[in-house]
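Read the structure below first, then the notes.
None of the figures in this text is laboratory data; all of them are computed from the coordinates on show. Just so we're clear, the structure is a prediction, and the values are computed from it rather than from any experiment. All Cβ positions, even for glycine, are placed from backbone atoms using ideal geometry, and neighbour counts span all protein chains on display.
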Amino acid sequence: MKKLIFSTLLATIASFSFAQNVDKIINAKEAERIERVLASDEMKGRRTFSPEIDKAADFIAAEFKAAGLQTWNNSNSYLQSFAIVSPKQLSLTGTVNGNDVDPKSVVLITTQPDVKITSSSGYETKAIKAGATFFQEAFAVLQAEKNTVVFVDTSFSRDFPRLSRLKRGGFKRESNVLFILTPAAVTDFSIESKHEITEQKLANVVGIIPGKSKKDEYVIFSGHYDHIGTGKPVNGDSIYNGANDDAAGTTAVILLAKYFKALKNNERTLVFAAFTAEEVGGYGSQYFSKQFDPNKVMAMLNIEMIGTDSKWGKNSAYITGYEKTDMGAILQKNLEGTGFSFHPDPYPDQQLFYRSDNATLARLGVPAHTISTSKMDNEPNYHKVTDHVETLDMDNMAMIIKSIALSARSIIAGKDTPGRVKVEDLR
């Protein structure tokens with residue numbers, strides 16, 4: 001019965017009157033060709049900052065060029081280059097209310113080599129009082145990107161050390177944020193810190209197909225192409241190939257780009273992005289998102305781990321944050337009669353909506369969701385050396401990619417516009 005349903009779905013989708021036959025462009029053979037390059041041993045797991053991830057980027061760029069995509073902002077490359085700055089704290093000294101400061105009670109977020117902040121430096125001051133939502137308030141200060149001193153009540157002593165993780169690196173900051181854990185009001189302080197600054201280069205791969213009547217409205221298809229590299233050998237294998245995570249999503253982006261370029265009927269501008277550094281903090285999608293006015297992004301379909309069957313079997317996938325917008329309903333409507341089903345995320349406790357590359361734009365109100373089939377409670381090869389091409393169902397993966405193409409057609413045509421993510425839904 002399952003084989004009959006799957007065959008019927010293949011025939012139904014293939015029967016839609018597209019300008020180009022979808023099966024000629026999106027098929028298991030093409031998906032496997034791309035997968036075998038991205039997930040090859042030669043790529044050594046595509047670790048962020050490795051020479052091999054640069055090879056992967058060059059391969060994706062070549063695929064975009066072969067498809068005939070334009071570069072973003074008419075640049076001379078499909079590579080969207082940026083840098084991550086990592087400060088290593090060498091020393092921190094100072095006083096608070098006339099007493100020598102305990103370095104464990106101070107966290108300084110900066111990308112500058114030498115910083116001195118005193119009570120007369122003119123910084124804004126904030127207080128995170130007992131009973132507050134600690135991390136939400138701390139992140140709000142960081143996102144404001146202003147020189148700020150934050151006094152943190154000692155009731156947060158247990159959580160305070162976790163702020164140190166934010167010192168590891170990120171985009172270059174023009175501002176400094178100083179957190180001081182203190183049991184009393186602070187009237188006078190002076191903090192001086194020295195750092196060794198390291199800058200590392202990264203690149204997303206981005207191509208576009210300009211829209212016809214709605215060029216300034218964007219629909220984004222994305223996936224991340226980095227993985228976790230190499231590690232301790234397991235049965236002689238030390239390469240985390242990342243065939244499903246997320247060479248599968250990147251493969252989908254490439255095939256969708258080729259298909260929509262051949263179709264030539266998109267009213268809205270289509271953006272195809274392969275993100276770097278998802279596994280180490282989502283820096284690629286964060287940088288990419290900064291290039292857009294979020295009000296002009298009509299939808300983002302991020303694709304993550306679609307190489308295995310979902311918990312419902314073939315012909316199905318789930319959408320993270322399904323309930324936050326009506327995009328899932330629009331996509332499903334466009335699949336009526338195909339037998340393919342999109343479901344709400346069955347793993348809400350894992351907060352997947354906030355853990356993938358859709359999150360940055362979603363937090364700005366964009367209907368940005370991730371499509372996946374990964375069984376997060378039972379995916380045997382997730383982040384293991386066994387995540388090989390041979391473990392993927394290429395026929396089903398090709399069907400999922402075709403279904404994404406079909407499901408997005410009314411959004412691409414400008415006929416449907418998903419509702420925005422409400423800020424209160426993200427709290």
Next item on the list: Let me know the shape class of region 99-187, please: from the alpha-carbon gyration tensor, a ≥ b ≥ c as square roots of the eigenvalues, rounded when a/c is under 1.5, otherwise prolate if a/b is greater than b/c, or oblate.
Entry: rounded
Notebook entry, point to check: Given H placed 1.01 Å from N in the peptide plane, which residues other than close sequence neighbours of G211 have an amide H under 5 Å from its amide H?
Noted result: T269, L270
Notebook entry, point to check: If you put +1 on each Lys and Arg Cβ and -1 on each Asp and Glu Cβ, how big is the dipole of the chain around its Cα centre, in Debye rounded to 20?
Noted result: 780
Notebook entry, point to check: Of the peptides 74-81, 176-183, how do they stack up when ordered by the mean number of other Cβ atoms within 10 Å, highest first?
Noted result: 176-183, 74-81
Next item on the list: Specify the residue with the greatest mean-square fluctuation among G414, G207, G236, computed from a Gaussian network of the chain linking alpha-carbon atoms under 10 Å apart.
Entry: G236
Notebook entry, point to check: Amide H to amide H under 5 Å from S310: which residues, 5+ apart in sequence or cross-chain, H placed 1.01 Å off N in plane?
Noted result: S316
Check: Among rounded, prolate and oblate, which fits region 157-302 when a ≥ b ≥ c are the square roots of the eigenvalues of its C-alpha gyration tensor, a/c under 1.5 means rounded, and a/b larger than b/c means prolate?
Finding: oblate
Checklist line | Sparse-neighbour loop sites [chymotrypsin sites (Phe, Trp or Tyr not before Pro); region 238-309; at most 14 other C-beta within 10 Å; DSSP] | finding: none
Note to self: Run the simple label-point estimate for T133 and D159 please: 7 Å along Cα→C-beta, distance reported in nm.
What the structure shows: 1.0
Item checked: Inter-site label distance for Q351 and N74 at 7 Å from Cα along Cβ, in nm -> 4.3
Checklist line | Label of the coordinate-derived value, volume of the Cα convex hull per residue in Å³, listed as (i) 165; (ii) 153; (iii) 173 | finding: (ii)
Check: According to the square roots a ≥ b ≥ c of the eigenvalues of the Cα gyration tensor, what is the shape class of region 305-364, taking rounded for a/c under 1.5, prolate for a/b larger than b/c otherwise, and oblate for the remainder?
Finding: oblate
Notebook entry, point to check: Do any GluC sites (Glu not before Pro) in region 117-155 lie in a DSSP loop with no more than 16 other beta carbon atoms within 10 Å, and if so, which?
Noted result: E145
Item checked: Computed label-point distance, nm, for sites K212 and K24 using a 7 Å Cα→Cβ extension -> 1.9
Next item on the list: With springs only between Cα atoms under 10 Å apart, run a GNM on the chain and tell me which of S341, S40, S213 wobbles the most.
Entry: S213
Margin query: How would K116, K55 line up from fewest to most surrounding beta-carbon atoms within 10 angstrom?
Written below: K116, K55
Margin query: At a 10 Å Cβ-Cβ cut-off, how would you order D237, D114, fewest neighbours first?
Written below: D114, D237
Check: Rounded to the nearest 20 Debye, what is the dipole magnitude of region 43-121 about its Cα centre when Lys and Arg each give +1 and Asp and Glu each give -1 at the C-beta?
Finding: 180
Item checked: Principal-axis tilt of helix 28-38 within the chain, Cα atoms, nearest 10 degrees -> 30
Check: Pairs of lysine in region 99-187 with Cα under 16 Å and at least 8 positions apart or on different chains: total?
Finding: 4
Item checked: Electrostatic dipole magnitude of region 164-297 [Cβ: Lys, Arg +1; Asp, Glu -1; Cα centre; debye, to 20] -> 520
Next item on the list: Check the straight Cα-Cα distances from K261 and name the aspartates and glutamates below 14 Å, setting aside those fewer than 8 residues away within the same chain.
Entry: E63
Item checked: Contour excess over end-to-end distance, with Cα ends at K264 and T198 and 0.36 nm allotted per residue -> 19.3 nm
Item checked: Förster radius 25 Å - calculated FRET efficiency between S410 and Q291, Cβ distance, rounded to 0.05 -> 0.45
Check: 222 nm [θ] for the chain, helices only, -39500 (n - 2.57) per DSSP H run of 4+, per residue, to 500?
Finding: -7500 deg cm²/dmol
Next item on the list: Provide R47, R420, R33 in ascending order of the number of other Cβ atoms located within 10 Å of each residue's Cβ, fewest first.
Entry: R33, R420, R47
